[in-house]
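What follows is calculated from the coordinates using simple rules that are stated; it is not laboratory data. Computed from a predicted structure; not experimentally measured. Glycine gets a Cβ as well: all are built from the backbone with ideal geometry, and neighbour counts include every protein chain shown.
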Amino acid sequence: MKKTGAQILCESLVKEGVEVIFGILGGAVLPIYDTFPQYPQLRHILVRHEQGAAHAADGYARVTHKAGVCIATSGPGATNLVTGIANAYMDSAPLVAITGQVATPVIGKDAFQETDITGITIPIVKHNYLVTDVAELAKTVKEAFHIAQTGRPGPVLIDIPRDVQQAQKDFVYPDKLDLPGYRVVSRGHPAQIKKAAKLINEAEQPVIIAGRGIIISQAYDGFKEFAEKAQIPVAHTLLGLSSFPGNHILDLGMMGMHGTPCANMAVQNADLLIAIGMRFDDRATGNTKEFAPHARVIHIDIDPAEIGKNIPTEVPVVGDIKNVLTALNEQIERKEHVAWLSQIEQWRYGHPSLEIRQSDELLPQYIIQQIYEATQGDALVVTGVGQNQMWAARYFVYTKPNSLISAGGLGPMGFELPAAMGVKVGCPEEVVWCVAGDGGFQMTIQELATLTQENIAVKIAIINNGYLGMVRQWQELFYGRRYVDTKLWNPDFVKIAEAYDIPGLRVTRREEVIPAIQKAMEYPGAFLIDFLIEPEENIYPIVPPGESLARFFEPSKPEVLEGKL
Amino acid sequence: MTNTKHTLVALVEDKPGVLNRIASLFRRRSFNIQSLAVGGSEHPGLSRMTTVVVGDSAQVEQVRKQLEKLINVVKVSDITEEDMVARELALIKVKATASTRSEIMQIVDIFRANIVDVAPGSLTVEVTGDEDKLDSLLGLLRDFGIKEVSRTGRIALTRGSSS
Ligand SMILES: Cc1ncc(C[n+]2csc(CCOP(=O)(O)OP(=O)(O)O)c2C)c(N)n1
Ligand SMILES: [Mg+2]
């Protein structure tokens, strides 16, 4: 029996196991939406901005380990997805973005709401397609999901002209793929693994740098065994947090610009770095010329193009981390590294900037710590971008695998609310906390309506400093305290929530923090807390841009900032 | 590390937009390419692309791996160090008068090039060879006055049975 392109799309989505689609309709996707009622197993969540659809699908994908799906109409709908697609690309999240396109006869004629979305997205997708023949549609969807979800995951966009959605064809879902240019290396090369094991067995001051690849590969157990067997301390990239228990004796926390002194010092003094599922982002490495000057480098990653891209690597191992670690665990020796680990313990202490000050002020570090205490770490934390993100990274203890969902590579303000929405839809049984910046929250605030319409119980903590705080901090430290246009006039967020039918509380004092968090947790639905924090609180330490990781600034070490203005 | 010319040969799927993806990759990652030539290959549905990239070996290895990551690119090899045949073709329209015409024809003969068009004020020369040969012919013809030049960029294959 013949089916329309729209039906073929839906049939294919069902075959791929899709359960949720985030999107907004428009002329060029109407045929698709018109068929949705025939496929009740596909839940469509109507968002309020396509950026929200893409971030929600991204959040959903990160916690379910399967592709998130978003859909938008041609032209403005498609361009509104761009930030979300770029974000998924930078953070290797599997995303399938479906866009409507003007009908094939008018493509290239500047028709109403025509944009070349495949052209626009080339640099920010793993792959994309413009489907001009309905006979290609099922095959394209199959390829798209395969590409998005395998190897190093990433976004794939499928642009479908309206007439292709309406054209008729028999539906046959192919069972074979024909992708001669796409190969995934999943087993590490035995000779490379052997070399890596040798270096690990010989190292005296080894450090692991744990990236999100461990989470993508779901290699938590093998990774823990690896670190414990060889007694190697673990530093994390931002997105590598929650790949290893944050309360483990070997855990050093986050490295990089706002990393802990012990993580940064350990990396800088290491004789061997074992970088796993990470890509040496400059926020993590600081100045690459001065990065880990004494270290030999083992780099384990599924993407061969990451090897040697930013940091020269002595032993690359290309493969799926889970497989590589299983093989490696058999070849590494039990070690203790007593001297090295006790040296690292020294770096842990004596940094007042790490501690939460005893004061009457409402401090963001305290708020995050109390969210941790209230949940005992059994929650998924979705952050915004800026200071709130760094406080969430540093003061929550990530003991639950894959419990930090944050936009690391692109850093788009406004990620927090829609991503938290997608996370909660993907994991309805989990407690989901959205740690928002007062600035970023206003970039996607309209998704409060989606929370209410779809009954999505996200707990929102606005870390409200009345500033574009991270930028203000840079103005304070690097631009002579000239606060140019970083001060925010803010609306009453509690009233706003109320207008969206979401209860909320404003918290201005320390003693109100715990009761407010309790109240939010007890309430069955979405809940918002507006925490009016100390406006000029900073996140420390900070490695000034372009500096080596060893030169982190804390207020007690003013010399690091000299000459930086 | 030193910058040298590398010859990369790739098999790419013959599909719409593939060149756009490749060009976009070179631009986005600031890879410095000197030439790019694409045409049919022995496999139906696949084209062979030859590109000359300038950089140190680590940079060129990045280019190769990034190219290989493109879904429509099937295989990329850096054949610089291998025994290869590399050729380029140029069409050169040179000014010619009654008094210079025979001198130009002599030069063309020495280079085993061909005259493919004769017009009242000009001759068009077709020449094939490696870049050095093309450069020296161009150098000699420059004295007569060059009106137009079109070069294809390098195409290359490894020699013998290796593939
Ligand atoms: C879309 C976007 N625009 C601008 C920036 C630059 N930026 C980075 S952090 C930041 C401040 C964020 O303010 P807020 O959301 O209030 O978070 P805070 O740092 O105060 O916690 C800005 C403007 C960005 N990351 N994303
Ligand atoms: Mg703020």
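Legend: Rg and Dmax of the range B:45-118, from Cα coordinates, 19.8, 57 Å.
Restricted to Cα atoms, the range A:362-536 shows a radius of gyration and a Dmax of 15.0, 48 angstrom. Here's the picture: charge each Lys and Arg Cβ at +1 and each Asp and Glu Cβ at -1 in the range A:152-281, and of A:Met257, A:Ile158, A:Ser186 the one pushed furthest to the positive end of that dipole is A:Ser186.
Taking only the Cα atoms of the range B:87-158, the ratio Rg/Rh comes out at 0.98, with Rh defined as the Kirkwood radius. Working note: Cα atoms of the range A:363-434, range along each principal axis, descending, whole Å: 29, 28, 17.
Scalar couplings 3J(HN,Hα) for the range A:147-152, obtained by applying the Karplus form with A = 6.51, B = -1.76, C = 1.60 to θ = phi - 60°, are 5, 4, 9, 10, x, 7 Hz; x denotes Gly and Pro. Close amide-amide hydrogen proximity is noted between A:Leu130 and A:Asp159, each under 5 Å apart and 5 or more residues distant or on a separate chain (H modeled in the peptide plane; Pro and chain starts excluded). Considering the range A:1-55 at the alpha-carbon level, its Rg and Dmax are found to be 11.4, 37 Å. When every Cα-Cα distance of chain B is counted in 10 angstrom steps from zero, the calculated P(r) takes the values 10, 33, 27, 20, 9, 1 percent. Across every direction, the projection of the convex hull enclosing the Cα atoms of the protein assembly as shown has a mean area of 37.6 nm². For the range A:269-374, the calculated P(r), taken from all Cα-Cα distances in 5 Å bins from zero up to the bin holding the longest distance, is 2, 9, 14, 15, 14, 15, 13, 11, 5, 2, 0 percent. Per residue of the protein assembly as shown, the DSSP helices (runs of n ≥ 4 H) give a summed -39500 (n - 2.57) that works out to -9500 deg cm²/dmol at 222 nm. Measuring nothing but alpha carbons in the range A:55-113 and taking Rh as the Kirkwood radius, the Rg to Rh ratio lands at 1.09. Each semi-axis of the equivalent ellipsoid for the range A:190-348 is √(5λ) with λ an eigenvalue of the Cα gyration tensor; in descending order they amount to 20, 18, 15 Å. Equivalent ellipsoid of the range A:296-427: semi-axes from √(5λ) of the C-alpha gyration tensor, largest first, are 32, 24, 16 Å.
For A:Gln343 and A:Arg187 in the same chain, what is the full-extension length gain: residue separation times 0.36 nm, less their Cα-Cα distance, in nm? Each step should come with its number before you reach the end.
On the way: separation 156, 0.36 × 156 = 56.16 nm, distance 3.54 nm.
Residue separation times 0.36 nm, minus the Cα-Cα distance, leaves 52.6 nm.
Applying D = kT/(6 pi eta Rh) to the range B:4-81, where Rh is the Kirkwood radius over alpha-carbon pairs, T corresponds to 4 °C and eta to 1.567 mPa s, the Stokes-Einstein value obtained is 105 µm²/s.
Spatial offset of the range A:197-216 relative to the range A:492-516 amounts to 44 Å, using the alpha carbon center of each.
Across the range A:2-170, the convex hull enclosing all Cα atoms gives 91 Å³ per residue.
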